[in-house]
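Chemist: Please read through the structure below; I'll follow up with questions.
The values are calculated or read from the model by the stated rules, or taken from the named source; none is laboratory data. In this text the structure is predicted, and so the values were computed from the model without any measurement. For neighbour counting, all protein chains shown are included, and Cβ atoms are generated from backbone atoms with ideal geometry for every residue, glycine included. Accessible surface areas use protein heavy atoms only, side chains included; no ligands, DNA or RNA. Shrake-Rupley method; radii C 1.70, N 1.55, O 1.52, S 1.80 Å.
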There are 2 protein chains.
Amino acid sequence: MAKSARLDDFRIPFFDGDKAGKRVSLADFDAGAKPFSAGSKQADRERLAEYAVKLDEMQERLHAQRRERVLLILQGMDTSGKDGTIRAVFHEVDPLGLRIASFRAPTPDEAAHDFLWRVHRQTPAAGELTIFNRSHYEDVLVPRVMGELHGAELERRYAHIRHFESLLADSGTAILKCFLHISKDEQRERLQARIDDETKHWKFDRSDLEAREHWDKYQSAYAQALAATSTERAPWYVIPADSKSHRNVMVAALLLRVFEGLKLEYPPAKESLKGITVT
Amino acid sequence: MAKSARLDDFRIPFFDGDKAGKRVSLADFDAGAKPFSAGSKQADRERLAEYAVKLDEMQERLHAQRRERVLLILQGMDTSGKDGTIRAVFHEVDPLGLRIASFRAPTPDEAAHDFLWRVHRQTPAAGELTIFNRSHYEDVLVPRVMGELHGAELERRYAHIRHFESLLADSGTAILKCFLHISKDEQRERLQARIDDETKHWKFDRSDLEAREHWDKYQSAYAQALAATSTERAPWYVIPADSKSHRNVMVAALLLRVFEGLKLEYPPAKESLKGITVT
């Protein structure tokens, strides 16, 4: 992909009423591509640093205005770099203005409610930037791959997700959804590196290797879920993520575009404060 | 204060059963002092950067071990730098490993419960570092200054706080409480600067000037609250905070000491992962 690549080339076509969404194949996207790279790892790092400063400034305006909300959803296979993206891209953002919600296996209390219950509680308030590290999408991926969810029930769940996300959008939430796309080879290398480095063992468990055994099923479950839930107000983007520095730059670029679309300004000066001398 | 200053010189003596705690006067602490400064703003920034890298590493171990919890409570008058401390000191800490809970005026739902209810919900889980930006201490300061809380009722509330914090400590939470101590002159300058810069008006309201009118009452309310709730497992420290760079270095030094006391190690390698080749 040459310099002319556009971010929207990596957007999943919007769902338009097709039962299973437009047919999308993740194999059409090259996980090793670096279409938005600045040319080298070092150049990417410098570009990311520029973006990060802008993101910090945008987030301050978001906070000052306390009107809009921004939600970034990160999904991807194990080792695809969800944690790494958060660390790298949001390094400069004021910790006060950022909230991260990580979703793991549901607790008994969470499992006793519908699948959107625990997610709804974590959505951003006015003025907040929230990142979902995994999300409600796990609930249309894992049970589908495990053969526990299919057909009309799966379609209903996709519809619930679309409705839920449109509720958020209607109340002023800008939503960006990023699928961090790595190749099976890249995952092998990353998993092997974790196994070979004993100080990283705490990061995972032998059972984490099981999802890899279902790689193809996960890829098609993802493809269908993305197709069925990419909408104008909650679009999905595929992020080529074998290159970490490219992944970071691309996610930052997409998020910056979302922020720019909000046209955030600082609230006007307060008349009641003008000319006051503090004594 | 010369180089020989020790962090514990700034610790409020532990409560030992005195009804109103040991007599403490904040006037005994010079808000303009820089006992832990490295010599200049620039040198302080460099020292903070070193500390920040260590804090990041400690936090990762905390997260890996998922056993201990760390709670930092920040209190101080308006403009004392609670937000600024969070921004500066935790810049390097992985956003994934940090949670900040800011307490503002209680919502109706919060006000319908006891004063520790909303705070308890926000305490750190195993492996978490949580910062309270204001806290349950507001509930022994504001109503006291407003004349709504005194005598036996105030003493009871201090006791509830001590018991609550000992519950947290018993379940493995290391607690550090920092009072950011600024002078009345420094506050005047900071408030005036905010008024003169119209882009900063969103940060406050004319009513924020009211607490300043009760400066002396707040200082004595703080002094009593610190004395009544500084305990071995939840000590209060007074941070001279007219100098922002000194304030940051001192808070970081205290927190590092807390982390070092936990003797955090990475969990051992997992036998079940040794020798595996990912295919």
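Chemist: Among the residues of the stretch B:254-279, count how many are in contact (Cβ under 8 Å) with a residue 60 or more places away in the chain, open to solvent by less than 90 Å² (accessible area, probe 1.4 Å), more than 8 Å from chain A (Cβ to nearest Cβ) and assigned to a loop (DSSP other than H, G, I, E, B).
Modeler: 2
Chemist: Failed condition for B:ARG188, given (1) facing another protein chain (nearest Cβ under 10 Å); (2) modelled with pLDDT under 95; (3) more than 26 Å from B:ALA126 (Cβ to Cβ), with all others met?
Modeler: B:ARG188 satisfies all of (1) facing another protein chain (nearest Cβ under 10 Å); (2) modelled with pLDDT under 95; (3) more than 26 Å from B:ALA126 (Cβ to Cβ) except (2).
Chemist: Oh, and also: Which of the residues belonging to the stretch B:236-247 are under 13 Å from B:LEU72 (Cβ atoms) and either open to solvent by 10 Å² or more (accessible area, probe 1.4 Å) or of a type in the set (D, E, K, R) (or both)?
Modeler: B:TYR237
Chemist: So how many residues does the stretch A:127-141 have that are within 22 Å of A:ASP56 (Cβ to Cβ) and in contact with a strand residue (DSSP E or B) (Cβ under 6 Å, 6 or more places away or on another chain)?
Modeler: Number of matching residues: 6.
Chemist: For the stretch B:79-89, give me each residue that is more than 11 Å from chain A (Cβ to nearest Cβ) and either open to solvent by 10 Å² or more (accessible area, probe 1.4 Å) or within 15 Å of B:LEU256 (Cα to Cα) (or both).
Modeler: If the condition is that a residue be more than 11 Å from chain A (Cβ to nearest Cβ) and either open to solvent by 10 Å² or more (accessible area, probe 1.4 Å) or within 15 Å of B:LEU256 (Cα to Cα) (or both), then B:GLY81 is the only one that fits.
Chemist: Before we move on, is B:VAL53 within 14 Å of chain A (Cβ to nearest Cβ), of a type in the set (A, V, I, L, M) and open to solvent by 60 Å² or more (accessible area, probe 1.4 Å)?
Modeler: The answer is yes for B:VAL53.
Chemist: Additional query: So, in the stretch B:194-236, of the ones that are β-branched (Val, Ile, Thr) and within 14 Å of chain A (Cβ to nearest Cβ), which residue ends up farthest from B:PRO143 (Cα to Cα)?
Modeler: Ranking the candidates gives B:THR199 first.
Chemist: Taking interchain pairs and intrachain pairs at least six residues apart, which have beta carbon atoms under 6 angstrom, with the first residue in the stretch A:72-83 and at pLDDT 95 or above and the second part of a loop (DSSP other than H, G, I, E, B) and surrounded by 22 or more Cβ atoms within 10 Å (Cβ to Cβ)?
Modeler: A:GLN75/A:TYR137; A:SER80/A:ILE182; A:SER80/A:ALA241; A:GLY81/A:ALA241
Chemist: Something else: Name the residue, out of B:ARG6, B:ARG23, B:ARG104, that is among the basic types (Lys, Arg) and either in contact (Cβ under 8 Å) with a residue 40 or more places away in the chain or in contact with a Pro (Cβ under 7 Å, 6 or more places away or on another chain) (or both).
Modeler: B:ARG23
Chemist: If only one of B:GLU68, B:GLU92 is in contact with a helix residue (DSSP H, G or I) (Cβ under 7 Å, 6 or more places away or on another chain), open to solvent by 50 Å² or more (accessible area, probe 1.4 Å) and under 30 Å from A:ALA88 (Cβ atoms), which one is it?
Modeler: B:GLU92
Chemist: While we're on this one: Of the residues that make up the stretch A:112-131, is at least one open to solvent by 30 Å² or more (accessible area, probe 1.4 Å), within 14 Å of chain B (Cβ to nearest Cβ) and closer than 21 Å to A:TYR218 by Cα?
Modeler: no
Chemist: Still on this structure: For the stretch B:26-47, name all the residues that are among the charged types (D, E, K, R), open to solvent by 30 Å² or more (accessible area, probe 1.4 Å) and not in a loop (DSSP other than H, G, I, E, B).
Modeler: B:ASP28, B:LYS41, B:ARG45, B:GLU46, B:ARG47 - these are the residues of the stretch B:26-47 that are among the charged types (D, E, K, R), open to solvent by 30 Å² or more (accessible area, probe 1.4 Å) and not in a loop (DSSP other than H, G, I, E, B).
Chemist: Helices (runs of 4 or more DSSP H) wholly in the stretch B:146-235 with at least 1 residues that are in contact with a Gly (Cβ under 6 Å, 6 or more places away or on another chain), open to solvent by less than 10 Å² (accessible area, probe 1.4 Å) and not hydroxyl-bearing (Ser, Thr, Tyr) - which ones?
Modeler: Passing ranges, in order: B:215-229.
Chemist: So which residues in the stretch A:98-111 are open to solvent by less than 60 Å² (accessible area, probe 1.4 Å), of a type outside the set (A, V, I, L, M) and in contact with a strand residue (DSSP E or B) (Cβ under 6 Å, 6 or more places away or on another chain), if there are any at all?
Modeler: Passing the criteria: only A:SER102.
Chemist: Looking for whichever is at pLDDT below 95, under 27 Å from A:SER171 (Cα atoms) and within 11 Å of another protein chain (Cβ to nearest Cβ) here; the options are A:ARG99, A:ARG104. Which one fits?
Modeler: None of the other options fit; the residue is A:ARG99.
Chemist: Turning to a different aspect of this structure: Kindly evaluate B:PRO240 against the criterion of being touching a His at 6+ places or on another chain (Cβ under 8 Å) and under 30 Å from A:TRP202 (Cα atoms).
Modeler: no
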